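Please treat every number below as a calculation from the coordinates, not as lab data. Quick caveat, the model's predicted, so the values are computed rather than measured.
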Amino acid sequence: MVEVLGCVRFPLVSKTFLSKTVQGEPLIQDNPQCLKMVISGMRYHLLSLEDREDLGESSRPRRKKHDYRIALFGGSQPQSCRYFNPKDCSWTDIRCPFEKRRDATAVFWDNVVYILGGSQLFPIKRMDCYNVLKDSWYSKLGPPTPRDSLAACASQGKIYTSGGSEVGSSASNLFECYDTRTESWQVKTSMLMARCSHGSVEANGLVYVCGGTVGNNVSGRIVNNCEVYDPNTQKWRELSGMKEARKNHGLVVVNNRIYAVGGQGPLGGLDSVEYYDIASNEWRAAAPMPWRGVTVKCAAVGEVIYVLAGFQGVGRLGHALEYHTETDRWVTYSKVRAFPVTNCLICVVDTCGVNEDEDVDLIDSQQTTSTATSSASTSSTASTSQK
């Protein structure tokens with residue numbers, strides 16, 4: 001019996017079934033070692049994420065095999081929210097009651113996409129959330145100061161929003177933090193420079209912001225300034241500036257390098273690409289894009305950067321682009337259409353576990369049905385005996 005239980009992954013079994021059915025079984029009760037294993041499995045559901053790592057192998061969930069997709073959110077119309085699969089360059093639809101926002105941002109953390117900021121006629125206060133595994137939408141309280149043209153990134157269960165501007169106002173140096181565990185917001189130390197339409201990424205536990213506009217979003221000065229925030233010291237530090245000033249650019253991390261892709265410079269759209277070497281605090285030029293855009297929407301999976309949407313000033317990006325960081329080479333996929341909405345939101349999500357989640361629900365359903373049937377049968381027998 002001990003050997004059989006040793007093959008069970010207790011986190012995949014509901015705590016209700018463990019406590020009400022398994023624990024009460026005579027075979028479990030009569031074997032102290034089996035009982036200890038079941039109790040250890042029940043403890044898993046009560047512990048924090050950090051404490052779960054200290055449990056035995058059978059009380060840990062299986063290590064996930066990541067299945068990354070790039071999610072793009074363009075509005076509430078059909079086919080305006082889609083997944084891009086880097087494995088075969090295919091598109092699939094996302095069920096999307098999402099209400100389109102202008103100049104918002106999106107971040108993925110722990111199975112959930114958080115859509116923050118943006119505006120319609122006025123700044124939007126709520127934060128829309130999409131659970132990738134459950135394919136469900138819900139809303140939470142958004143940043144304390146609603147604004148658009150902000151940037152965001154996630155690190156260790158926290159989402160950091162930076163800069164942006166309120167409608168008709170100048171850029172802000174605001175920096176706020178949302179704790180996904182406590183579902184609460186905190187205002188943190190302000191950035192050294194007020195900015196909007198910039199990029200933000202996390203690398204090695206630090207938050208980097210690069211470029212953007214000072215002043216207002218339309219006619220403000222475009223900058224090359226970069227700075228980094230350390231959550232441990234809660235302090236900002238200025239970094240070496242980019243080779244080119246840019247806003248509405250793509251900003252991604254690959255192998256300890258931060259890549260700035262395209263965007264709008266003081267003289268118009270850019271095809272230039274550069275990367276920041278974190279170790280040396282230097283920006284270096286990379287191969288330019290085979291396309292020039294004032295707005296670039298890109299994401300990185302593995303060592304490849306995918307440019308999937310963008311605006312050129314007189315037209316949008318027609319086909320998907322790939323940049324291979326190892327070889328410093330661009331590839332244009334003439335048979336893969338780009339995302340049609342240029343002012344979209346983009347982030348990488350991990351869809352691994354979607355089917356597993358359905359399987360667990362099915363197991364729980366079957367266990368509940370089995371328990372209910374057993375109870376009904378016992379009740380029927382008792383009634384017959386009384387008669």
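Please grab the % of Cα pairs in segment 236-327 that end up more than 15 Å from each other.
Result for the distance tail: 56 percent.
Using a ≥ b ≥ c from the Cα gyration tensor of segment 152-279 (square roots of the eigenvalues), is it rounded, prolate or oblate, where a/c under 1.5 gives rounded and otherwise the larger of a/b and b/c decides, a/b for prolate?
Verdict is oblate for segment 152-279.
If you take the square roots of the eigenvalues of the alpha-carbon gyration tensor of segment 68-350 and sort them as a ≥ b ≥ c, do you get rounded (a/c under 1.5), prolate (a/b over b/c) or oblate?
Here segment 68-350 falls in the rounded category.
Rg/Rh for segment 196-258 to two decimals, with Rh computed the Kirkwood way over all alpha-carbon pairs.
Taking Rg over the Kirkwood Rh, I get 0.98.
Within the set 100/140; 100/158; 87/335, which residue pairs have Cα atoms separated by over 20 Å?
From the list (100/140; 100/158; 87/335), the Cα-Cα distance tops 20 Å for 100/158.
Can you work out the Karplus-derived ³J(HN,Hα) for every residue in segment 135-140? Use 6.51 cos²θ - 1.76 cosθ + 1.60 with θ = phi - 60°, whole Hz, and x for glycine or proline.
3J(HN,Hα) across segment 135-140, in whole Hz: 6, 9, 10, 7, 10, 10.
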